[in-house]
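Some notes on the structure that comes next.
The values are calculated or read from the model by the stated rules, or taken from the named source; none is laboratory data. Since we're looking at a predicted model, the values are computed, not measured. Glycine also receives a Cβ, built like all others from the backbone with ideal geometry; neighbour counts cover every protein chain displayed. With ligands, DNA and RNA removed, areas are computed over all heavy atoms of the protein, side chains included. Shrake-Rupley method; radii C 1.70, N 1.55, O 1.52, S 1.80 Å.
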Amino acid sequence: MYKRMLVPLDGSQLAEAVFPYAKELAGRLNIDVTLLYVCSRALSEFVPMHQAYVKQATENVGRQIQEVQKKTGIRPAAKPVTVRGEVVVGSPPEEILRYADENQVDLILMATHGRSGMRRWVMGNVADKVLRAAKTPVLLVRSGIPDETPYDQWPKRTILVPLDGSELAEKVLPHVEALAKQGGTELVDVVLIRVCEPLAVPSYYAPEVAEPTTINWGEFIQEDTIKSKRVAEEYLAGVEKRLKASHISVRSEVLGGKAGDEIADYANKHPFNLIVMATHGRSGLSRWVYGSVADNVLQGVCSPILLIRPR
């Protein structure tokens, strides 16, 4: 599934938080890597310095990829993994998107923030613009998180997959399978979750003045909650069966509450080192859209997140 990975850099250690992910993904999946440094036009005179930085980073990542393959016993593909560096001048989000489109990139791996001079890459700036426009899956790594166990040092990987029951949200499943198989399925646990959002009592309903024939909204909501949970459990059981057919260790859980808050809270209470989710989907009358559920999760968790825009 993944053949070419793009890793945007800005010269900072914060942005380099993606390197452990780059070497592991490239080494285990035989993905070619491009390290892309975008220099603003105002600083174009420093291009030679940026080129030297990218060259050194390219050599280091290439060597680390070889070490990963040697350590894991993974045989390189017929064509060895290539790591190249590029320095371009322009606007970071525009150049990242342009390069991804023109070079058939399968995955963009970037930090959610970094620093280049006085400018910062923060959610709401470069990463935000890339997420909104990218046709390619984007793996975001939040840098600067204290006491975070590096991706390459986890004894066993856990992948959290929020679903909403829609075909659009299920577009992430092939990506989950590919990632689960990258290091051997015996070293990966997949957890599927679905959040049942409770019905809201109509604003015009006031129990103290309700007519005898008025619907008992308390009982109605309770019954709807029980039914929704049962439907969600049956749905997740079906998805579990599909993944287990690929020999993937998987379990599922149904939560109740507001989707974005519940997903973030669940992820923070459990040791997940990757969350995979669609940027939008549909469940009944509600939508999972960037700026809503996905946005809440992005802002509320420390775990890396692979966001996939269903087509």
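Restricting Glu102, Glu16 to residues that are under 25 Å from the mean Cα position of the chain (by Cα) and under 20 Å from Leu307 (Cα atoms) narrows the list to Glu16. Screening the range 1-117 for helices (runs of 4 or more DSSP H) wholly inside it with 2 or more residues that are under 25 Å from Asn273 (Cα atoms) returns the ranges 19-29, 47-72. Might you let me know whether the range 97-106 holds any residue that is open to solvent by less than 30 Å² (accessible area, probe 1.4 Å), modelled with pLDDT under 95 and under 20 Å from Leu9 (Cβ atoms)? Checked against the condition, which is being open to solvent by less than 30 Å² (accessible area, probe 1.4 Å), modelled with pLDDT under 95 and under 20 Å from Leu9 (Cβ atoms), the range 97-106 yields no hits at all. For the residues Thr58, Thr34, the requirement of being under 22 Å from the mean Cα position of the chain (by Cα) and among the β-branched types (Val, Ile, Thr) singles out Thr34. In the set Val88, Val18, only one residue is surrounded by 19 or more Cβ atoms within 10 Å (Cβ to Cβ) and not acidic (Asp, Glu); that residue is Val18.
Can you say whether Leu25 is in contact (Cβ under 8 Å) with a residue 24 or more places away in the chain, touching a helix residue (DSSP H, G or I) at 6+ places or on another chain (Cβ under 6 Å), of a type in the set (A, V, I, L, M, F, W, C) and closer than 19 Å to Val141 by Cα, as far as the supplied structure shows? So Leu25 fails the test.
Take the residues of the range 162-205 that are surrounded by 17 or more Cβ atoms within 10 Å (Cβ to Cβ) and at pLDDT below 75: which is nearest to the chain's Cα centre (by Cα)? Restricting to residues being surrounded by 17 or more Cβ atoms within 10 Å (Cβ to Cβ) and at pLDDT below 75, the top hit is Gln182. Just the residues that are open to solvent by 40 Å² or more (accessible area, probe 1.4 Å), within 15 Å of Val138 (Cα to Cα) and not hydrophobic (A, V, I, L, M, F, W, C), please, taken from the range 1-15. Correct list: Lys3, Arg4.
Remark: Arg115 matches the filter, which requires a residue to be modelled with pLDDT under 95 and in contact with a Leu (Cβ under 8 Å, 6 or more places away or on another chain). Cβ-Cβ distances below 6 Å connect the following pairs, each with a first residue in the range 67-85 that is among the polar types (S, T, N, Q), a second residue that is open to solvent by less than 50 Å² (accessible area, probe 1.4 Å) and modelled with pLDDT of 85 or more, and a separation of six or more residues or different chains: Gln69/Gly27; Thr82/Asp32. Every residue in the range 31-54 that is in contact (Cβ under 8 Å) with a residue 60 or more places away in the chain, in contact with a strand residue (DSSP E or B) (Cβ under 8 Å, 6 or more places away or on another chain) and of a type outside the set (S, T, N, Q), please. Within the range 31-54, Ile31, Leu36 meet the criteria.
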